[in-house]
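The values are calculated or read from the model by the stated rules, or taken from the named source; none is laboratory data. Everything quoted here is computed from the prediction, not taken from an experiment. Cβ sites come from the backbone with ideal geometry, for glycine too, and all protein chains shown count toward neighbours. All accessible areas refer to the heavy atoms of the entire protein, side chains included, with ligands and DNA or RNA removed. Shrake-Rupley method; radii C 1.70, N 1.55, O 1.52, S 1.80 Å.
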Amino acid sequence: MSPHVTLHVWQVPGNRLPQVLWRLARDRGRLRAVAGVQFAKLLGTGRGFGPASADPGRWAAVLAWEDARAAAGFDESPVARSWRALARTYCRLDLAPLSSRGRWAGREPFQPGPAPHQATTMLALTRARLRPTRAAAFWRAIGPVAAAVRTAPGLLATFGIGEAPIGWQGTVSLWRTEGDLVEFAYHHPAHATVLAETPVQRWYAEDLFARFAVLDVTGDRRVIGWTEEAP
């Protein structure tokens, strides 16, 4: 488990999609081989929620590191430079895990620690592998949540993530404060209903929910849909 996590998001021109698909197949192993990386996932993204929202022009990676020093040099690694060469623009978020429940590919990749004093912005990451027999019921149930989150107080940005080239298996959302995140996650009626139904309906074969303090954001925030000025 890692005490430091980075999220990398690249906006890629549409005419470079063939190169992107080739790198998706090639670079999963290269990411895991970068010095200091303890866990790595290369991801597609979605403009919203659901398989129909896949965004072929935006790609992401979640990396868990042995420490912040190891993470600092990633942008100069060959695999990072190759993605930057493809991309029109790029955004990087450095994160400190605060809580993590569940598993991702059989692992518990994030090591929660105390909240850094200087961090206020929060990031929530959800990831699930749906049971095929329960997928249709899940998509019906999640519709009201997908609609509600867009207007939730304190939301700064949100987008879908998926481990297949096309598809959605999770979400990333950024929040102005921890209170804003908690209020929506546990007190908004639509989301609270889904939380209560999850153990009953058994939608997931595997799932993970993690919460992070945002330590730093570099690059173009518009790539992740965050258009507000930095505090």
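For region 89-112, what are the residues that are of a type in the set (Lys, Arg), in a strand (DSSP E or B) and either open to solvent by 60 Å² or more (accessible area, probe 1.4 Å) or more than 29 Å from Asp220 (Cβ to Cβ) (or both)? Across region 89-112, the qualifying residues are Arg101, Arg107. Right, Leu7: under 20 Å from Asp55 (Cα atoms) and surrounded by 16 or more Cβ atoms within 10 Å (Cβ to Cβ) or not? Spelling it out, Leu7 is indeed under 20 Å from Asp55 (Cα atoms) and surrounded by 16 or more Cβ atoms within 10 Å (Cβ to Cβ). Pairs linking a residue in region 127-138 that is under 24 Å from Val62 (Cα atoms) to a residue that is polar (S, T, N, Q) and outside any helix (DSSP H, G or I), with Cβ atoms under 8 Å and 6 or more positions apart or on different chains, are Arg127/Gln169; Ala128/Gln169; Arg129/Gln169; Leu130/Gln169.
Annotation: Ala157 fulfils all but one of (1) aliphatic (A, V, I, L, M); (2) out of contact with any Leu (no Cβ under 7 Å at 6 or more places or on another chain); (3) open to solvent by less than 40 Å² (accessible area, probe 1.4 Å); (4) closer than 19 Å to Asp55 by Cα; the unmet one is (2). Just wondering, is there one or more residues in region 39-58 that are of a type in the set (Ser, Thr, Tyr), touching an Asp or Glu at 6+ places or on another chain (Cβ under 8 Å), within 22 Å of Ala128 (Cα to Cα) and touching a residue at least 24 places away in the same chain (Cβ under 8 Å)? Yes, region 39-58 has at least one match.
Taken together, Ala85, Ala115 contain a single residue that is aliphatic (A, V, I, L, M) and part of a loop (DSSP other than H, G, I, E, B), which is Ala115. For Leu215, are the conditions met, namely being under 28 Å from Gln111 (Cβ atoms) and at pLDDT 85 or above? Here the answer is yes, as Leu215 does meet what is asked. Taken together, Gln118, Gln111, Gln169, Gln201 contain a single residue that is at pLDDT below 95 and within 20 Å of Gly44 (Cα to Cα), which is Gln169.
The conditions of being assigned to a helix (DSSP H, G or I) and basic (Lys, Arg) are met by Arg16. Evaluating Asp180 against the criteria (1) touching a Pro at 6+ places or on another chain (Cβ under 7 Å); (2) modelled with pLDDT under 85 leaves one unmet condition, (2). Only residues that are open to solvent by 20 Å² or more (accessible area, probe 1.4 Å), farther than 30 Å from Ala137 by Cβ and not in a helix (DSSP H, G or I) were counted across region 20-55, and they come to 4.
The listed residues are Arg81, Arg58, and the only one of them that is exposed (fewer than 15 other Cβ atoms within 10 Å of the Cβ), of a type in the set (D, E, K, R) and at pLDDT 95 or above turns out to be Arg81. Here Asp75, Asp67 are screened, and the one residue that is within 30 Å of Arg23 (Cβ to Cβ), surrounded by 14 or more Cβ atoms within 10 Å (Cβ to Cβ) and among the charged types (D, E, K, R) is Asp75. The set of residues in region 175-221 being among the aliphatic types (A, V, I, L, M), surrounded by 14 or more Cβ atoms within 10 Å (Cβ to Cβ) and touching a residue at least 60 places away in the same chain (Cβ under 8 Å) consists of Ala185, Leu208, Ala210, Ala213, Val214, Leu215, Val217.
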